[in-house]
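The values are calculated or read from the model by the stated rules, or taken from the named source; none is laboratory data. Every value quoted in this text rests on a predicted model; they were computed, and no experiment measured them. Cβ atoms come from the backbone with ideal geometry, glycine included; neighbour counts cover every protein chain shown.
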Amino acid sequence: KLQRPRDEGWWLVLGWEEGDELLALKRVNIRRQATTASLSFLAPEQPGKTSLSLVLVSDSYLGLDATASLPLVLLEDGPKA
């Protein structure tokens, strides 16, 4: 059997290493010119400074994954009315 051509796939993975949590996972289609994507997630509950890791993972190519560290400052909730 001949295999049909496979489209390359990409995944955005957002994690919080300090809390060892996966916060968001989304499959994205990468276009030649530019691609935008948004991720929704629940922020960690502890106020203060932390960082999240954003990883772009290819399901077709080895070694093309890209990682970025995203600093995040979490504020305390104000008094509830």
* Filter segment 13-60 for residues that are of a type in the set (Phe, Trp, Tyr) and under 14 Å from residue 71 (Cα atoms) and give the result. => 16
* **Some residue of segment 15-22 being outside any loop (DSSP other than H, G, I, E, B), of a type outside the set (Phe, Trp, Tyr) and surrounded by 13 or more Cβ atoms within 10 Å (Cβ to Cβ)** => yes
* Could you look through segment 48-69, keep only residues that are of a type outside the set (Gly, Ala, Ser) and surrounded by 12 or more Cβ atoms within 10 Å (Cβ to Cβ), and pick out the one that is farthest from residue 11 (Cα to Cα)? => 50
* To do: Evaluate the following for residue 4: is it assigned to a strand (DSSP E or B) and modelled with pLDDT under 95?
  => no
* To do: Hey, can you tell me all the residues within segment 70-81 that are surrounded by 10 or more Cβ atoms within 10 Å (Cβ to Cβ) and at pLDDT 90 or above?
  => 70, 72
